[in-house]
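Remarks on the structure that follows.
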Amino acid sequence: MKKSVTTCLIGCLLVLMLNFAAFAQAAAKQVVFIKAGHLVDTNNGRVLDNQGILIEGNRIKVVGSVADIQKQVPAGAKTIDLSNATVLPGLADCHTHVLLQGDITSEDYDVQLLKESIPYRTIRATMAARTGLMNGFTIFRDLETEGAMYADVDVKQAIDRGVIPGPRMFVSTRAFAPTGMYPLSGYSWELKMPEGVQIIDGPDAIRKAVREQVKYGADWIKFYADRRYYLKDGKLHSWVNFTDDEMEAMVTEAHRLGRRVAAHAMGWDGIDAALRHNVDSIEHGYGLDEGLMDRMVKQGAYWCPTIYVGAYVAEGRAAAGAPIWLAMRDMEAAAFPIAYRKGVKIAYGTDAGGYAWTENQAKEFSYMVRYGMPPMQAIQSATMVAADLLERNADLGSIDAGKYADIIAVTGDPIKDISELERVKFVMKNGEIYRNDLSR
């Protein structure tokens, strides 16, 4: 009797498992047909009218005219009518900090590290990730946790496993800085204060630290190339943090392990040092001059200018005793159009988290256009260029057959008014709809 009951239970369990597997497979292969009134073709820098997008599971199957694609739509497919909208690939923000909630002043930063636990900051990070996704950013490159250890890996995994909504995340865990060169600072030497980064000194220790970060889930390695910004001879200068041997060890070890390297480098000296050691991206880069730009073009290095955060924090930091931020803001405004004309690879990045997540990350677009980049190229910086930076051009960056179904839509024309991207009405990531204010 016991044996027959056990056998029956096992049989029922197997049936349930098979049914669940079949259901999961069917759900994964759900077919969706999108009618796009206008489609931004980021591959070719043009806008196409009356396009159809056929999606199977989490990938785009085919793209073409609505009339042609409609003939291929199978029975039972879901139709989403975006005929009155402009459809684009999901946007990428290549410089975020989901574990931060704004730090105009050093006090803002210190309070988060001193008064908020890492679990609490992680809970807040889940809301930041959701906010970015709902604003149309289906991809984040998150450049360090600011003292929250490897919590960005946890947020990434929770998103990937469907526990919480959020963008695709490429994380860098803990950025590197040498002893004494990153906050928290200014406190009594008798107190052991939290560190905003992983403090590391010496080439051997740095190699080990790179391996450690990769072990715990880092997709990128980030370090602080400089600090102490000052003006001299019309240039923004800085103190370089690491020795040449240390920087070389960091970059070569990261590249050996298949990880790209991002350098926080604001002044001329920090940018120069980072480029000499072949980093993959320069973050902020306020002190760029034409010579440095030419080197970036030759080396294929990317620039994440993070314009909006500089404008956002400049007045507050000047009022707190650091007027250099006003000059840095204006210098970047002058450098940006020159870098664009020279062909520097500019990837969209905002430093969101450096300002509050209540500010829409898409505000960066308006600054880029105001500073001389055409709207289509600004959109490409957050799509095609970003996908190239992340080495994911086969999966991301455009609405093409075979790529992930990461799709957004706005009601207006972002080519005529780039601020339309601040008013995203439809968001699909990985074939799943997270926002739809247009089609019912």
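Numbers at a glance
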quantity	calculated
Residue within the stretch 269-280 that is in the same structural domain as TYR150 (by TED's automatic domain parsing), outside any loop (DSSP other than H, G, I, E, B) and in contact (Cβ under 8 Å) with a residue 60 or more places away in the chain present	no
Single condition ILE206 does not satisfy, out of (1) under 21 Å from MET169 (Cβ atoms); (2) hydrophobic (A, V, I, L, M, F, W, C); (3) not in a loop (DSSP other than H, G, I, E, B)	(1)
Residue within the stretch 176-198 that is among the small types (Gly, Ala, Ser), part of a strand (DSSP E or B) and under 23 Å from LEU99 (Cβ atoms) present	yes
Positions within the stretch 239-280 being over 21 Å from GLY217 (Cα atoms) and in contact with a strand residue (DSSP E or B) (Cβ under 6 Å, 6 or more places away or on another chain), in sequence order	TRP239, VAL240, ASN241, ALA265, MET266, GLY267, TRP268, ASP269, GLY270, ILE271, ALA273, ALA274
Long-range neighbours under 7 Å by Cβ, at least six apart or interchain, first residue in the same structural domain as ASP152 (by TED's automatic domain parsing) within the stretch 171-196, second at pLDDT below 90 and outside any loop (DSSP other than H, G, I, E, B)	PRO183/SER106
Count of the stretch 66-95 residues which are assigned to a loop (DSSP other than H, G, I, E, B) and either touching a residue at least 40 places away in the same chain (Cβ under 8 Å) or touching a helix residue (DSSP H, G or I) at 6+ places or on another chain (Cβ under 8 Å) (or both)	5
Meets criteria (part of a strand (DSSP E or B), within 22 Å of ILE206 (Cβ to Cβ) and not small (Gly, Ala, Ser)) for GLU283	yes
Meets criteria (of a type in the set (Lys, Arg), within 22 Å of SER106 (Cα to Cα) and either touching a strand residue (DSSP E or B) at 6+ places or on another chain (Cβ under 6 Å) or not assigned by TED's automatic domain parsing to the domain that holds VAL369 (or both)) for ARG227	yes
All positions within the stretch 356-388 that are under 22 Å from ASP142 (Cα atoms) and among the basic types (Lys, Arg)	LYS363
One residue from GLU290, GLU283 being buried (at least 24 other Cβ atoms within 10 Å of the Cβ), assigned by TED's automatic domain parsing to the domain that holds ARG259 and not small (Gly, Ala, Ser)	GLU283
Considering residues of the stretch 226-268 that are more than 20 Å from the chain's Cα centre (by Cα) and part of a loop (DSSP other than H, G, I, E, B) only, the residue farthest from ALA322 (Cα to Cα)	LEU257
Odd one out for MET376 among (1) touching a residue at least 12 places away in the same chain (Cβ under 8 Å); (2) not assigned by TED's automatic domain parsing to the domain that holds HIS95	(2)
Total residues in the stretch 293-303, condition crowded, with 17+ Cβ neighbours inside 10 Å and either free of Cβ contacts under 8 Å to residues at least 40 places away in the same chain or not in a loop (DSSP other than H, G, I, E, B) (or both)	4
Which listed residue, of VAL40, VAL63, VAL47, VAL98, is assigned by TED's automatic domain parsing to the domain that holds THR131 and either outside any strand (DSSP E or B) or farther than 18 Å from GLU432 by Cβ (or both)	VAL98
Options GLU364, GLU420; residue that is of a type in the set (D, E, K, R), surrounded by 21 or more Cβ atoms within 10 Å (Cβ to Cβ) and not in a loop (DSSP other than H, G, I, E, B)	GLU364
Selected residue [of a type in the set (Phe, Trp, Tyr), under 18 Å from GLY102 (Cα atoms) and assigned to a loop (DSSP other than H, G, I, E, B)] from TYR312, TYR355, TYR308, TYR348	TYR355
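This table checks each residue for (1) surrounded by fewer than 24 Cβ atoms within 10 Å (Cβ to Cβ); (2) part of a strand (DSSP E or B); (3) assigned by TED's automatic domain parsing to the domain that holds LEU184; (4) of a type in the set (Phe, Trp, Tyr).
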site	(1), (2), (3), (4)
LEU114	yes, no, yes, no
ARG141	no, yes, yes, no
VAL155	no, no, yes, no
MET169	yes, yes, yes, no
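Yes/no matrix, rows are residues, columns are (1) at pLDDT 95 or above; (2) surrounded by 14 or more Cβ atoms within 10 Å (Cβ to Cβ):
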| site | (1), (2) |
| --- | --- |
| MET1 | no, no |
| ALA22 | no, no |
| ASP49 | yes, no |
| ILE55 | yes, yes |
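The values are calculated or read from the model by the stated rules, or taken from the named source; none is laboratory data. Remember, predicted model here, so these are calculated numbers, not experimental data. Using ideal geometry, Cβ is built from the backbone for each residue, glycine included, and neighbour counts are taken over all protein chains shown.
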